[in-house]
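The values are calculated or read from the model by the stated rules, or taken from the named source; none is laboratory data. Please read these numbers as outputs of a predicted model, since none were measured by experiment. Reconstructed Cβ throughout: ideal geometry from the backbone, glycine too, with neighbour counts over all protein chains shown.
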Amino acid sequence: MSEPLLFALRRSETLGARVAEAAGLALAPHEEREFEDGEHKSRPLVSVRGHDCYVLHGLYGEPGASANDKLCRLLFFCAALRENGAARVTALTPYLCYARKDRRTKPRDPVTTRYVAQMVEAAGIDRIVTVDVHNPAAYENAFRIESVELTARPLFGLHLLARFAGRPLAVVSPDAGGAKRAEALRAWLAARLDAPVPLAFLEKKRSEGRVSGEAVVGEVEGRVAVVIDDLVSSGTTLARAAAALRRRGAAAVVACVTHGLFAEGAEDRLAGAGFAAFLVTDTVPPFRLAPAFAERRLTVLSVAPLLGAAVRRLAGGGSLLELREAGPPPPPVAT
C-alpha cells in the first residue's frame, strides 16, 4: 500500500492534529460543505486510491453537532473514501456513541450498539478503533469487522506512579460492572510497584434513575483509593463513591475516567466530592464545565500518543498488544 492518509473531520481537528504529530504524519486535506436545508457533503481533496485511510471523529454530542450528526458525517465520509478506491478504511472514534446501549434492559428495547455496527459495516469501513468502551465484550460481539479497543490504563498508571510515589494505593470499581477494568489497573500497578495493591468494590443500586448503596468491600483504609471508570456523566456515582471511601478511612480519593461527558449538574456534584485528583483524557473536551473549574480540578491526559502509535502499527501490520500495557512510545520525527 501507499503512504497512509489520516483525516480529522470538523470538530475533531484539535485532537486530529495531535494524533497526526504523534504518528509522524500530516493531516490529509478534505472539504466539508453545509447546505441551506441542513444537508452536508464531505470529500477528500487528495487521491485516496490504493491508500490505507484513517478517519478520526469523536462521536460525542456538543452544541451544534449531536452524536447522530457526527455519526452520519463519519459514515458518509468513509463511504466516499471506499467509493474512490481506498484500499482500507479505518474509523478512529476515541469516544464511540451508543456504546452504553448494548443490551435490552426493558421489553422491546433497542440494542443500539449493534445497529451502529451494522451502519458502520454498510459504509464499507474495514476496521473501527476506540478507547475504553463501556462493555468490551458487547463491542466485540456487535461488529463483524475488526474492532480494536485501546485503553487509557497505562496513561493513568504512569501518572499515578509519579504523583503518588511512596504512598500505598488501592484500586476501586464504583460498581460490579467495572470489576474487570479495575482489576486490570490493579494488576498493572502491582506489577510495577512489586507490591500488593488491593482491589475494592462499591455497592450500587439503580432504580428509576436513582442511585443508592454505600457498602465498600475491600481494603482502602489509609490508602489512596483510585476509582476507575470508563466515563462520567452526571457525576453521581463518583461523588457517592468518594464519600463512601472516605467514611471507610481512605487517605485520599482519586478518580481516573477516560471519557468526561460532564452532563448538567456534574460540576456541582464533583466540586464538593473532595477528590485529591481527577484524571480524564481528551477523548471528550470538558466543554460543559466552567473553564476555571476544569483548569483547577481536572488533569487531562492526551490519548493522541496512544492513537498515533496505533495508526503507525496498524499501517505497518504491527501488534497493538504492548500498547495496552506499556503505553505509547515516543512519537517519530515528522518528515
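Assorted remarks:
- Residue check, residue 323 modelled with pLDDT under 95, within 21 Å of residue 158 (Cα to Cα), within 16 Å of the chain's Cα centre (by Cα) and not polar (S, T, N, Q): yes
- Extreme residue, surrounded by the most Cβ atoms within 10 Å (Cβ to Cβ), among residues of region 161-174 that are touching a helix residue (DSSP H, G or I) at 6+ places or on another chain (Cβ under 7 Å) and closer than 27 Å to residue 100 by Cα: 172
- Residues of region 33-69 satisfying the condition of being among the charged types (D, E, K, R) and either surrounded by 14 or more Cβ atoms within 10 Å (Cβ to Cβ) or not assigned by TED's automatic domain parsing to the domain that holds residue 119 (or both): 43, 52, 62, 69
- Conditions (1) in contact with a helix residue (DSSP H, G or I) (Cβ under 7 Å, 6 or more places away or on another chain); (2) surrounded by 21 or more Cβ atoms within 10 Å (Cβ to Cβ); (3) at pLDDT 95 or above: number failed by residue 147: (2)
- Strands (runs of 3 or more DSSP E) contained entirely in region 4-83, each with at least 1 residues that are within 20 Å of the chain's Cα centre (by Cα) and modelled with pLDDT of 95 or more: 5-8, 52-56
- For residue 92, the conditions (1) in contact with a strand residue (DSSP E or B) (Cβ under 8 Å, 6 or more places away or on another chain); (2) closer than 23 Å to residue 315 by Cα; (3) part of a loop (DSSP other than H, G, I, E, B) are fulfilled apart from (3).
- Among the residues here, residue 120 qualifies as out of contact with any Pro (no Cβ under 8 Å at 6 or more places or on another chain) and touching a residue at least 24 places away in the same chain (Cβ under 8 Å).
- Residues that are surrounded by fewer than 20 Cβ atoms within 10 Å (Cβ to Cβ) and closer than 12 Å to residue 82 by Cα, drawn from region 121-137: 121, 122, 123, 124, 126
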